[in-house]
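Okay, structure first, notes after.
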Amino acid sequence: MNFLLETLQVIVMSIYYNMEAFVRLFIPPKNKNVTGEIVLITGAGSGIGRLMAEKFAPLGVSLVLWDINQEGIKETSRLVKEKGATKVHYYLCDCSDKADVYRVADKVKREVGDVSILINNAGIVTGRKFMDAPDSLIEKTFEVNTMAHFWTYKAFLPAMTANNHGHLVSIASSAGLIGVNGLADYCASKFAAIGFAESVALELLATGKDGVKTTIVCPFFINTGMFDGCNTKWPLLLPILDPDYVANKIIEAILTDQVYLLLPKTMYLVICLKNSLRWKQAALLGKYLGAFENPEHCETTSLKLH
């Protein structure tokens, strides 16, 4: 195919996709049927992980819950059963440990079956400035927020590609799209997680495995306890997000095969401006939005989980 023909194809298809997006503003896509799917959620012992499990409970799926906190995951198992889940399996798993991820993944495949919806939700934050963060905590941040995604994909993606069916979900952060003062390790780990998820999504498309869907979620601060005490300079523009609202939007994105989910919606504009402005202008925007505020008012001085 020559240059002119390929260029024309890109222009025509871009117009088509824009028209499709416009139509979907008025006619939302139908939710897909997930009955019988095996849904694995990491970090399911609390916060957004627990809420997503509760949202999936009445949808006829088999739930596989992972967490490092045994009491938390037992409580989530109890709650989802109350919500209507009939097939619930929970496992103690340290997602920062590759060997443990592979060990528990093999157990899941033997006892439950092949996972078809994988939600990488487990995450941690140290909340310390770069030079104040111990090396061990920086390494732990990357092990949980980034490397764990590599190991869970390695464990469960082969079955999805073999069947050309499945869904990979990365719960990242808006801090993986724009740097935040005082969160260097956290931002870097989330930037890496987003880059990894995007690259794997392109690999799947390039190899014709379009039946394996991907969703990347980038929310602003969520009121789950992970960022206790954090404030927002302009709450009407960038509000601290309600956990239940976020969980609902994530489930909606999964059921409609939405590739990117940024929350709140104003983040789409913020990221667009960040990527189109010169550095000094972008820094000015960051200052206006509160990115230069002292992060020490956030109660994240010790390791916190989602």
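DSSP loop (so not H, G, I, E, B), at most 16 other Cβ within 10 Å: list which trypsin sites (Lys or Arg not before Pro) in segment 11-68 pass both filters.
Counting only loop positions with at most 16 other Cβ atoms within 10 Å, the trypsin sites (Lys or Arg not before Pro) in segment 11-68 are Lys30, Lys32.
Take the chain, connect every pair of alpha-carbon atoms lying under 10 Å apart with a spring to form a Gaussian network, then pick out the residue of Tyr16, Tyr153, Tyr102 with the largest mean-square fluctuation.
With Cα springs under 10 Å in the chain, the top fluctuation among Tyr16, Tyr153, Tyr102 is at Tyr16.
Given a Förster distance of 41 Å, report the FRET efficiency between Tyr16 and Phe150 from their Cβ-Cβ distance, rounded to the nearest 0.05.
After rounding, the FRET efficiency stands at 0.75.
Quick one: go through segment 42-60 and flag any residue whose amide nitrogen is under 16 Å from the point 7 Å out along the Cα-to-Cβ line of Lys74.
Within reach of a label on Lys74: 45-46.
What ³J(HN,Hα) values, in whole Hz, does the Karplus curve 6.51 cos²θ - 1.76 cosθ + 1.60 give for segment 60-67 when θ = phi - 60°, with x put for Gly and Pro?
Rounded to whole hertz, the list is x, 9, 8, 9, 10, 10, 10, 6.
Towards the positive end of the charge dipole of the chain, with charges on Cβ (+1 Lys, Arg; -1 Asp, Glu), say which of Gly195, Phe26, Val270 has the farthest Cα.
Phe26
What is the ratio of the Cα radius of gyration of segment 15-118 to 2.2 N^0.38 Å, where N is its residue count, to two decimals?
Values: Rg = 16.5 Å, N = 104, 2.2 N^0.38 = 12.8 Å.
Normalised Rg, Cα atoms only: 1.28.
Over all distinct Cα pairs, what is the inverse of the mean 1/r for the chain, reported as the Kirkwood hydrodynamic radius in Å?
With all distinct Cα pairs of the chain included, I get 20.3 Å.
For the chain, list the DSSP H helices whose alpha carbon atoms reach 27 Å or more along the long axis and whose average Kyte-Doolittle value is 0.5 or above?
Helices meeting the span and hydropathy rule in the chain are 3-24, 184-206.
Lysines within cross-link reach of Lys154: Cα-Cα under 24 Å, excluding same-chain residues under 8 positions apart?
Cα-Cα hits under 24 Å: Lys98, Lys107, Lys109, Lys140, Lys190, Lys209, Lys213.
Accessible area per residue, 1.4 Å probe, Å², for the chain: what's the number?
52 Å²
Between Leu237 and Phe26, what length comes free when the chain is fully extended (0.36 nm per residue of separation minus the Cα-Cα distance, one decimal in nm)?
Here the segment from Leu237 to Phe26 would lengthen by 73.5 nm.
What is the chain's relative contact order, in percent, from Cα pairs under 8 angstrom and six or more apart in sequence?
19 percent
Can you give the accessible area of Lys81, probe radius 1.4 Å, in Å² rounded to 10?
Estimated to the nearest 10 Å², Lys81 gives 120 Å².
The values are calculated or read from the model by the stated rules, or taken from the named source; none is laboratory data. Keep in mind that what you see is a predicted model, and the values were worked out from it rather than measured. Quick reminder, even Gly has a Cβ in these numbers, built from the backbone with ideal geometry, and neighbours come from all protein chains shown. When the accessible area is computed, the model is the full protein with side chains, heavy atoms only, and any ligands, DNA or RNA have been set aside. Shrake-Rupley method; radii C 1.70, N 1.55, O 1.52, S 1.80 Å.
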